[in-house]
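Colleague: Here you go, one structure.
The values are calculated or read from the model by the stated rules, or taken from the named source; none is laboratory data. Just so it is clear, the structure is predicted and the values come from calculations on it, not from any experiment. Cβ placement follows ideal geometry from the backbone for every residue including glycine, while neighbour counts extend to all protein chains displayed. The area values use the complete protein model at the heavy-atom level, side chains included, leaving out ligands, DNA and RNA. Shrake-Rupley method; radii C 1.70, N 1.55, O 1.52, S 1.80 Å.
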Amino acid sequence: MVFLLIFFMISVLVLIVQLFLLKKELTQMRIQLRAYNERKTNKKIDVTLVNKEIEKLGQEINNLIDLYTAENRKRILFEQEHKQAIANISHDLRTPLTSILGYIQLAEEEVTSEESQELLQVAKERAKRLEVLLKDFFELSIIESMDHQLKPERIALKKLTIERLMDYYDQFQEKKLEPDIDMPEQELYIHADVSAVTRVIDNLLSNAVKHAEGNVSVRLEKQERYARLTVQNDAAALKDVDVERLFDRFYMADQARSGKSTGLGLSIVKSFMEKMDGNITANWKDGVLSIVCEWSLTND
Amino acid sequence: MSEYILRTNQLTKRYKQTLALDNVNLHIREGEIYGIIGQNGAGKSTLLRVITGLALPSGGSVELFGKSERNEWVDMQKRIGALIENPALFSNMTAIENLELHRLQRGIPGRECIKKALQLVDLEHTGNKKVKNFSLGMKQRLGIAIALLSDPEFLILDEPTNGLDPTGIVELRQLIKKLNREKGVTVLISSHILSELHQLATSFGIIHKGKLLEELTAKELDEKCRKYLQIKVDDPKKGAIVLEQTLAATDFEVLQDGTIKLYEYLDDVRTVSLALTKNGLVIEHLSHHGDSLENYFTKVIEEVYHD
Amino acid sequence: MINLLKAETFKLKRNKSFWMIAGLMAGTSILFHILIMTEWWMMSGTKFDAVGLGKLNGLAPFTVPVFFNLAVCSLAAFFISSEFSESGVIRLQVMSGYKRSHVYFAKYLVFSFGTIIITVVIPLLTAALIAVALGHGDILQAQHFQYIVGTYGLFTLQLLGYTAIVMMLAILTEESGKTIIFSILFTVLVFVIEQFAYHPSVGWLYEHTIFHQFSFVFTPELSGAEWMRSTAVGVITILLVLAIGMAVFNRKEIK
């Protein structure tokens, strides 16, 4: 009788321990899966090898991860190749284009007939436009390709913005624009790639110069942990639907596709902001377009 | 996920009087195949031993998957597969037993992974043969199989071609490329043989006497090692025409800033400069660029010596 | 932790030295028991005589450190030290993403398990078998049984302290040969100290080590205080040596 009782109690104890281990194991698996689903890790799950069924479950989960990885890799590789191809194409196009321009230049010197000169002039203009387009296109493809790596450093954003504004002073003057400038009192420091930030500010300013019909405002401010740069210009013709597409490649609101604009400027801005882990948004309200860029402030 | 799989910050390792690692700042990004090049005794193994937690740093820190605190960092080792120096094997066990032991240790569910790993390194037919009867190459391959068993995100291989025959080396290279491509495995591989890494790595770190002298991408390295004439003339467009028409050159590039890189006529600078000047161009700059791979590395190492 | 234990057990099961030592111990043990029980060999004055278990005198040699230490340190040498020297398999374990203290503790548990099999289970089991085989089954009665379980329980506790010490030596020396030599030297040193135990201060100290306890626990009818003291000595030794061993292993460079 005593032995039976002891046997019974031991059995209960063993079962309780097993239940406890099983529960702990399930928790462990859930935590690992969660980390995977939150994309914090690519690690397959591991288990405590105490229960055959748990082990098999773990194996099946890992098979699922394998499937996901394989599909995901295919997509990533495809995108990479695509971007690389674009980068290569724009690179390869440049050399022949340079010689085309050279040949046109040579022809201009040789040809005397006025009619031909005119034709050459058109050819030259088109080739020049192609050159600009290619330059922007090349830049964008480079930013988006894997090879491009930013070199972050500490940047005084207020100083940089003012510098860029000075450079654009002439262009504002030309269009008789008087930008409304609002800078914070203290300097704002961010951690980012200088050339990328410069390019972002330049593109935003040149975009504003190109499209403004009267008012332009540039505002830099501190918003909690962010440095926020807002560039506004009135753009009565813009509609809501356009705003959503502003950052698309080759999107141009006026659809004219003429002049020097390529429609890539804001795509470049967006790509850079994404690479720098910044935010970019565009709003159109009451005929005013605002483009807002945000960078995290450095801690010190 | 953090951008860097591995980053070391001023990592230093001192053995009594000698500095095995001297303020090393290594950066490995996700998806890279990072090759560490250095002569024997340059500090490659020490670096890998510190990264894998076999040796403790005397100074500086290691950040693995964005974690540098030691407890978290130990946990991150689970995401790594490594082969450091000679393969760590039980010689009185078979290949399968060695892998099973490692499987138990890591808690990898299912014995399927053992078969897969053996297939990857072409050892699936060793049966009951004990490891002590394996050839050096077979042991090496089994060591690699162990590193691959857990399907790691980050694979660390220390001189993995040791003891492999030429076919084995080619197979290993293909295997690493395949894992990198199809599974996105980040790889850190060390070698003292340049040409071996050159065909494989996407980034390089050059280490010498415990110092990481330079980090560069394969593209940058190729750029530095591809020989060309750098030409700058007052009118690049015309210059391009001259190259095409007068010299019948096809392999050249015009860069954004108007500099021309000519990959032909390397031994005939005279002809090039004559052709350019004859066509009324002013040559602002004309020089040879590029090095052979070996020369480049020797140069990097020597530069530091002379300082 | 459970995975580490499974891995260590897997290794122990495939460890040739372990089976060889176990075989040797079983052989010696059987021989002793047969000789003693058939009274070919007389042994007197043992603790077993005192409780009327003279038939089990064959167990006596297996409770003396100088004797069993050979088996224990050989096992330590070929189960633990060899992992450091023989192609450095310890590296794989350290790189597997476990805290080093866990690795150490798992090794300690399985190594102790092997030791208990060799020095406790085998002698006792063979004794019982031989006793039954030679028709002395009557000694396995409840009252003796209680004595054996009690004393061997305490003995095992002291043994766990001893394995902790030997394991630390194995980790420190990193090589099978050195492990054996140092363990033997250590045991001999303790043996020498024992000879000086008449000196009061040395004697007091010695009485509070597991080495004294190894034989002391076989004293018939231990008092409650003595029980407590034996348990305390064993537990404190285990905890202390394990803590030191883990600290050493934590800072260790793995070659």
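Colleague: If amide hydrogens are placed 1.01 Å from N in the peptide plane, which non-local residues have theirs closer than 5 Å to the one on A:Asp46?
Modeller: HN-HN under 5 Å from A:Asp46: empty list.
Colleague: Could you work out the mean count of beta carbons from other protein chains within 10 Å of each residue's beta carbon in C:5-11?
Modeller: Mean inter-chain Cβ contacts per residue within 10 Å come to 5.
Colleague: Among the listed pairs B:Lys16/B:Lys209; A:Lys40/C:Lys11; C:Lys55/C:Lys107; A:Lys40/A:Lys275; B:Lys116/C:Lys11; A:Lys128/A:Lys159, give every one whose C-alpha distance is greater than 25 Å.
Modeller: A:Lys40/C:Lys11; C:Lys55/C:Lys107; A:Lys128/A:Lys159
Colleague: Throw me the Rg/Rh for chain A, computed over C-alpha atoms with Kirkwood Rh, two decimals.
Modeller: Rg divided by Rh gives 1.22.
Colleague: Another question about this same structure. Could you work out [θ]222 nm for chain A from helices alone, using -39500 (n - 2.57) per DSSP H run of at least four and dividing by all its residues? Round to the nearest 500 deg cm²/dmol.
Modeller: -20500 deg cm²/dmol
Colleague: Okay, moving on. Given 37 °C and 0.692 mPa s, compute D for region B:191-273 with the Stokes-Einstein relation, Rh being the Kirkwood radius over Cα pairs; round to the nearest whole µm²/s.
Modeller: 217
Colleague: Something else: Go through region B:19-31 residue by residue and turn each phi into a ³J(HN,Hα) via Karplus (6.51, -1.76, 1.60, θ = phi - 60°); whole Hz please, and just put x for glycine and proline.
Modeller: Per-residue couplings from phi come out as 8, 7, 9, 10, 6, 8, 10, 9, 10, 10, 8, 4, x Hz.
Colleague: Need the C-alpha centroid separation for region B:125-201 versus region A:63-120, integer Å.
Modeller: Computed from Cα coordinates, the inter-centre distance equals 39 Å.
Colleague: A follow-up question, please. Is the C-alpha gyration tensor of region A:150-190 telling us rounded, prolate or oblate? Criteria: a/c under 1.5 is rounded; beyond that, a/b larger than b/c is prolate, otherwise oblate.
Modeller: Taking the square roots of the gyration eigenvalues as a ≥ b ≥ c, region A:150-190 is oblate.
Colleague: Let me ask something else. Just want to confirm a number: the relative contact order over region A:161-236, from Cα pairs under 8 angstrom separated by 6+ residues, in percent.
Modeller: Computed over region A:161-236, the figure is 33 percent.
Colleague: Based on the inverse mean of 1/r over its pairs of different Cα atoms, what is the Kirkwood hydrodynamic radius of region B:1-159, in Å?
Modeller: That comes to 16.8 Å for region B:1-159.
Colleague: Ok, one more. Taking the simple approach of a point 7 Å from Cα along Cα-to-Cβ for both C:Met42 and B:Ser287, what is their distance in nm?
Modeller: 10.5
Colleague: What residues have an amide H closer than 5 Å to that of B:Leu188, excluding those fewer than 5 places away on the same chain, when H is modeled at 1.01 Å from N in the peptide plane?
Modeller: B:Tyr34, B:Leu155, B:Ile156, B:Leu157
Colleague: Moving on. Rounded to the nearest 10 Å², what accessible area does B:Arg7 show when all protein chains are kept and the probe is 1.4 Å?
Modeller: Accessible area of B:Arg7: about 80 Å².
Colleague: Please work out how much accessible surface C:Met228 shows to a 1.4 Å probe, ignoring ligands, DNA and RNA, in Å² rounded to 10.
Modeller: Roughly 140 Å² of C:Met228 is accessible to a 1.4 Å probe.
Colleague: Projected area of region B:227-289, taken from the Cα convex hull and averaged over every viewing direction, in nm²?
Modeller: Projected area, direction-averaged: 3.6 nm².
Colleague: Right, another one. Can you work out the Karplus-derived ³J(HN,Hα) for every residue in region C:209-215? Use 6.51 cos²θ - 1.76 cosθ + 1.60 with θ = phi - 60°, whole Hz, and x for glycine or proline.
Modeller: 10, 5, 5, 5, 4, 3, 8
Colleague: Which aspartates and glutamates, on any chain, are close to B:Lys232 with Cα under 19 Å apart, when same-chain ones fewer than 8 places away are left out?
Modeller: Cross-link targets: B:Glu223, B:Glu244, B:Asp251, B:Glu253, B:Asp257, B:Glu264, B:Asp267, B:Asp268, B:Glu284.
Colleague: Would you check the accessible area of C:Trp19, probe 1.4 Å, heavy atoms only, in square angstrom rounded to 10?
Modeller: Surface accessible to solvent at C:Trp19 totals approximately 140 Å².
Colleague: Under a no-solvent Debye model with one identical scatterer per Cα of chain B, what's log10 I(q)/I(0) at q = 0.06, 0.07, 0.15 Å⁻¹?
Modeller: -0.29, -0.38, -1.13
Colleague: Which of the DSSP-defined H helices in chain C satisfy a minimum axial length of 20 Å, computed from C-alpha atoms, and a minimum mean Kyte-Doolittle hydropathy of -1.0?
Modeller: Flagged H segments are C:16-37, C:100-116, C:142-173, C:176-195, C:224-250.
Colleague: Short version: ³J(HN,Hα) in whole Hz for each residue of region B:221-238, in order, from phi by Karplus 6.51 cos²θ - 1.76 cosθ + 1.60 (θ = phi - 60°), x for Gly and Pro, what are they?
Modeller: For region B:221-238, the Karplus-derived couplings read 5, 4, 4, 6, 9, 7, 7, 7, 9, 9, 10, 10, 10, 5, 10, x, 5, 5 Hz, x marking Gly and Pro.
Colleague: Using Cα-Cα distances under 8 Å and only pairs 6 or more residues apart, what relative contact order does region C:1-116 have, in percent?
Modeller: It comes to 36 percent, rounded to a whole number.
Colleague: Follow-up. With just the Cα atoms defining each centre, how far is region C:200-230 from region B:33-49? Give it in Å.
Modeller: Cα centroid to Cα centroid, the span is 56 Å.
Colleague: While we're looking at this one, here's another question. For peptide B:82-90, compute the average count of partner chain beta-carbon atoms within 10 Å of each residue's beta-carbon.
Modeller: Average neighbour count from other chains, rounded to a whole number: 6.
Colleague: Tell me the Rg and the Dmax, in Å, that the Cα atoms of region A:90-194 produce.
Modeller: Final numbers for Rg and Dmax: 21.0, 63 Å.
Colleague: Within 10 Å of each Cβ in peptide A:93-106, how many partner chain Cβ atoms are there on average? Round it to a whole number, please.
Modeller: 6
Colleague: While we're on this one: For each pair in A:Lys43/B:Lys67; A:Lys83/B:Lys78; B:Lys211/B:Lys261, compute the distance between the two Cα atoms and list the pairs where it is over 26 Å.
Modeller: A:Lys83/B:Lys78; B:Lys211/B:Lys261
Colleague: A follow-up question, please. Name the lysines eligible as straight-distance cross-link partners of C:Lys178: C-alpha to C-alpha under 18 Å, and not fewer than 8 places from it in the same chain.
Modeller: C:Lys252, C:Lys255
Colleague: Need one number: % antiparallel among DSSP beta bridges in chain B, to the nearest 5.
Modeller: If I count the DSSP bridges inside chain B, around 65 percent turn out antiparallel.
Colleague: While we're here: What would the Debye equation give as log₁₀ I(q)/I(0) for the protein assembly as shown at q = 0.09 Å⁻¹, counting only Cα atoms as equal point scatterers?
Modeller: -1.06
Colleague: Let me ask another. GNM on chain C, C-alpha springs below 10 Å: top fluctuator among C:Asn57, C:Asn69, C:Asn15?
Modeller: The residue that fluctuates most here is C:Asn15.
Colleague: More than 34 Å apart: what percent of Cα pairs in chain C qualify?
Modeller: That fraction is 20 percent.
Colleague: Rounded to the nearest 5, what % of the DSSP beta bridges within the protein assembly as shown are antiparallel ones?
Modeller: Percentage antiparallel, nearest 5: 75.
Colleague: Can I ask one more? Can you tell me how region A:81-145 classifies by the Cα gyration tensor, rounded, prolate or oblate, using a/c under 1.5 as the rounded cut?
Modeller: Note, shape of region A:81-145 comes out prolate.
Colleague: In deg cm²/dmol, rounded to 500, what helix-only [θ] at 222 nm does chain B give when every DSSP H run of at least 4 residues adds -39500 (n - 2.57) and the total is split over its residues?
Modeller: -11000 deg cm²/dmol
Colleague: Using modelled backbone amide H atoms (1.01 Å from N, in-plane), which distant-in-sequence or interchain residues come within less than 5 Å of A:Val288's amide H?
Modeller: Under 5 Å from the amide H of A:Val288: A:Ala235.
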